[in-house]
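Trainee: Dropping the structure in here first, questions after.
We did not get these values from a lab; they are worked out from the coordinates using the rules stated. What you see is a predicted model; the values in this text were computed from it and never measured. Cβ: placed from backbone, ideal geometry, glycine included. Neighbour counts: every protein chain shown.
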Amino acid sequence: MCGLCGIVRFNDPPASETLWRMTRTLAHRGPDNEGIAITGPAGLGHTRLSILDLSAAGHQPMSADDGSVTLVYNGEIYNFRELRRDLEADGVRHNGTSDTEVLLRAYLQWGVAAFERLHGMFAAAIWDARASTLHLLRDRFGIKPLFYAAIPGGIVFGSEIKAILASRLTGREMSWRAFHEYLHYGNSLGAGTFFEGIRKLEPAHHLTLTRTGTTVRAYWTPDAIAPIDDPPTVAARNVLERLDAAVRTHLVSDVPVGVFLSGGIDSSAIASLARRHTARLRTYSVGFDFDRGPDELPAARRLAERLGADHHEMRLAGSDVRAVIEQLVVAHDVPFQDSANIPLAMLCNALQGEATVVLQGDGGDEMFAGYPGYAFLARASLWRRLSRVGLLLTAPLPDGRRRDGLRRVFGYLAESDSGMRMALMRFQEHAERSPNRVFTRSTVEQLRRHDPFARYRELGRRFGRLDPLQAMLYADCAVLLPDKYLEKVDRATMAYGIESRVPFLDDDLAAYAMALPSGLKVKRGQKKWVLRQALRGIVPDEILDGPKTGFAVPVSHWLRGPLNQYLRDTLQDTAAAWPDLFDQAALDLCVDEHVAGRHDNGRLLYRLLNFGLWHRQYLL
């Protein structure tokens, strides 16, 4: 894994001082080597975390033998050996054994057609001096990040926003659209970021910059996947074969590899299959000193013992997390609400020096329908008929999370517009507890200029022909997966120089899973049905047949206890720096309600805490 950055400016070539400043903001992503290259109007920077071919032959930026093409690249191309064989069959010779060189020579041999042949996780920048053209590229699911901003005469880009800010070629104006989306979902959606003018290159997209302009196009889309109607036993066998092959290829490394083990189905499957292909299995688990939530450590420990793994675990206390939260704000460069990045980051910090690569179970829920709500969508027509009755029946229930949860479910099932149904399903607070309630009228007016549901409306139009469950799965792959979960995984691991790999998002496995009918993913109310069948005899039944607990981080508890004063101080500082932002009385009520246990406002308060820390770090 690595960090990349660069500037292309046709009217004013970049200075080496600027490139070095940008590159060194990414040192945590690549502590083993750093370098820059300037060729004409283009400057590229790179920091390297050595995984394959640890020699200098894998250093970047890497150029063609004649210097006509230069690239920087972050990630892993899992089919690089097959591509190398194809290139050698065409008479192409290689100087080393890295997948970086395979990417370079594939582009030299096949041009942009090479991009559609890549299987893996990657972000890449290729400068082709022959055509004065820059290519930016990102993998199908957005496992690896890439940001860019238009500047006069060209573009500036980087693996993280901090590299772009270090160029001093862009501003730091906050995006109100991103802020409104963040308040609803805990992250911004699509191509936008919290900084006006700085954009994400979306998953499976290819940006081309020439002297005449910029184009961005999708090179892959799930819409093109042809449905598969394999019988259940055949589907289960095919899923297992593809998952096993994915784990095997994701274990390829010249440095130590471990597995993050939570005790759930997905990570247990990864660990169990990894044991087939490695002589020494290292597993890592994390829990909390909080006895009122689910604890997956015992299940993870039992599985590790069964597999004969070299198992390591740690337990976190609320008093440990304040410094980590602040570090993660800098790691993300934006406010970010998914608190699961806290234990992930602390685990990565602890295992530095033990494993450089870790495998995780992310992507299993999106591929095989594992989230709460998917079972409802599998029988959406029935529940839609009952939804209005459900709203009436839940109205008298006492205020609380159970009532809010039930009304949220019935509310989105009653919605006739498929895009709005998707948005409401992912809107984490019921409309009666709007996040806007803690802001001044002027702030609310500013927020309301931007539709937080626009991205889902667009996806509703795009996937409206599909059944409700399949449409939601595709939407989650377009929004929830890259903008929340994969961003969390990348920043929390790369902050400590750890490469995370996600076998469930292997291109072959994912294409097959996305083609399967909804009836094999949710069957008789059981989510992940076909995956569970595939894993019988490999993963213990107690895990396969157990309920989905999720990775429950006790943030609400921490905000009442060890983080309470920290929360109050941060919000007070934010209000002082931005007097027109909060309705102070409403904000105080929100905090007091939470501390007294009258209402769980933890999700909103944690979002506001992260926003306040980001505002102080990046805007003041």
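Trainee: Among DSSP beta bridges lying fully in the chain, give the percent that are antiparallel, nearest 5.
Mentor: Working: 58 of 76 bridges.
Roughly 75 percent of the beta bridges in the chain run antiparallel, per DSSP.
Trainee: Express as a percent, rounded to the nearest 5, the fraction of DSSP beta bridges in the stretch 208-315 (both residues included) that run antiparallel.
Mentor: Details: 3 of 12 bridges.
Looking only at bridges with both residues in the stretch 208-315, the antiparallel portion is about 25 percent.
Trainee: What ³J(HN,Hα) values, in whole Hz, does the Karplus curve 6.51 cos²θ - 1.76 cosθ + 1.60 give for the stretch 489-500 when θ = phi - 60°, with x put for Gly and Pro?
Mentor: 4, 5, 5, 5, 8, 5, 4, 10, x, 10, 8, 9
Trainee: To the nearest 500 deg cm²/dmol, what mean residue ellipticity at 222 nm is calculated for the chain from DSSP H runs of n ≥ 4 alone, each contributing -39,500 (n - 2.57), summed and divided by the residues? Write down the numbers at each step before the final one.
Mentor: Numbers: 27 runs with 265 residues, N = 620.
The helix-only estimate for the chain comes to -12500 deg cm²/dmol at 222 nm.
Trainee: How high is the relative contact order of the stretch 2-220, given as a whole-number percent (alpha carbon pairs under 8 Å, six or more residues apart)?
Mentor: On the way: 490 pairs, mean separation 42.4, N = 219.
So the answer I get is 19 percent.
Trainee: Of Trp20, Pro152, Gly30, which is farthest along the charge dipole of the chain in the positive direction, counting Lys and Arg as +1 and Asp and Glu as -1 at C-beta?
Mentor: Of the listed residues, the answer is Pro152.
Trainee: Based on the mean of other beta carbon atoms within 10 Å per residue, what is the order of 211-220, 514-523, most packed first?
Mentor: Details: 211-220: 12.1, 514-523: 19.3.
Listed from highest to lowest mean packing, they are 514-523, 211-220.
Trainee: Under 18 Å between alpha carbons, and skipping anything fewer than 8 positions from Lys548 in its own chain: which lysines qualify?
Mentor: Within the straight-line limit of under 18 Å, Lys548 reaches these lysines: Lys521, Lys523, Lys527, Lys528.
Trainee: Whole-Hz ³J(HN,Hα) for each residue in the stretch 606-612, computed from phi via Karplus 6.51 cos²θ - 1.76 cosθ + 1.60 with θ = phi - 60°, x for glycine and proline: what do you get?
Mentor: Result, ordered by residue: 5, 5, 5, 4, 5, 4, x Hz.
Trainee: Using θ = phi - 60° and the Karplus form 6.51 cos²θ - 1.76 cosθ + 1.60, what ³J(HN,Hα) does each residue of the stretch 298-311 get, whole Hz, x for Gly and Pro?
Mentor: Along the stretch 298-311, the couplings run x, 5, 5, 5, 5, 5, 4, 5, 4, 7, x, 7, 7, 9 Hz.
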